[in-house]
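Report on the structure given below.
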Amino acid sequence: MEYVFSYKLENEAATVKFGQALAGISKKGDFYALFGTLGVGKSVLSRAFVQELCGNIEVPSPTFTLVQSYEAPEFEIYHFDLYRIKSPEEIFEIGVEEAMYDGVCLVEWPERMLSYLPRDCFNVEITAEDTSRVVVIKVKSEEKASRLKKLEGFGND
């Protein structure tokens, strides 16, 4: 079964609050596949997620380093940007597999992983709608769906 949740975020500040809210329901082993075009807010959401759990630290985009890691109180956070990888197998060279077990993964451009994308992940699709953003999250497990239910009503003020 697939569970689908939709959130409308009116501006960048709402995207930041949503990233913080996602951080609040996360636990070790979570994998967030962040789909969306350039400039749609994947990095804004990721930065807010990391800062919510790690404090007001600098969170650069991992576009050139491919991965940044951060020590949160309960787990490590791995922020991947796969835009520049040439083949799906490169994910093993940058440690995606280990990160999936050791912490929480935020992965921008997950479509570059192809069939290596975990089946039971948070599939996060961000699309632009005028000046706002629509975030649709699909999950397969009831446990993940129950955590997302805690965010019901978010962005629907």
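The values are calculated or read from the model by the stated rules, or taken from the named source; none is laboratory data. Being a predicted model, the structure only gives us computed values, none of them experimental. Virtual Cβ from ideal backbone geometry, glycine too; neighbours counted across all protein chains shown.
Remarks
- Within region 16-38, considering residues that are of a type in the set (Ser, Thr, Tyr) and at pLDDT 95 or above, the one nearest to Asp130 (Cα to Cα): Tyr32
- Filtered residues of region 79-98 (kept if under 17 Å from the mean Cα position of the chain (by Cα) and either over 18 Å from Cys121 (Cβ atoms) or of a type in the set (S, T, N, Q) (or both)): Tyr83
- Condition met for Glu143 (of a type outside the set (Lys, Arg) and assigned to a strand (DSSP E or B)): no
- Residue within region 121-136 that is buried (at least 16 other Cβ atoms within 10 Å of the Cβ), over 17 Å from Phe18 (Cα atoms) and modelled with pLDDT of 95 or more present: yes
- Residue identified as surrounded by 14 or more Cβ atoms within 10 Å (Cβ to Cβ), outside any loop (DSSP other than H, G, I, E, B) and among the hydroxyl-bearing types (Ser, Thr, Tyr) among Tyr78, Tyr101: Tyr78
- Residues within region 81-98 that are outside any loop (DSSP other than H, G, I, E, B) and surrounded by 15 or more Cβ atoms within 10 Å (Cβ to Cβ), tallied: 4
- 2 or more residues more than 12 Å from the chain's Cα centre (by Cα), more than 24 Å from Gly95 (Cβ to Cβ) and of a type in the set (A, V, I, L, M, F, W, C): qualifying strands (runs of 3 or more DSSP E) within region 1-73: 3-9
- A single member of Ile91, Ile137, Ile77 is over 27 Å from Ala13 (Cβ atoms) and of a type in the set (Val, Ile, Thr), and it is Ile91.
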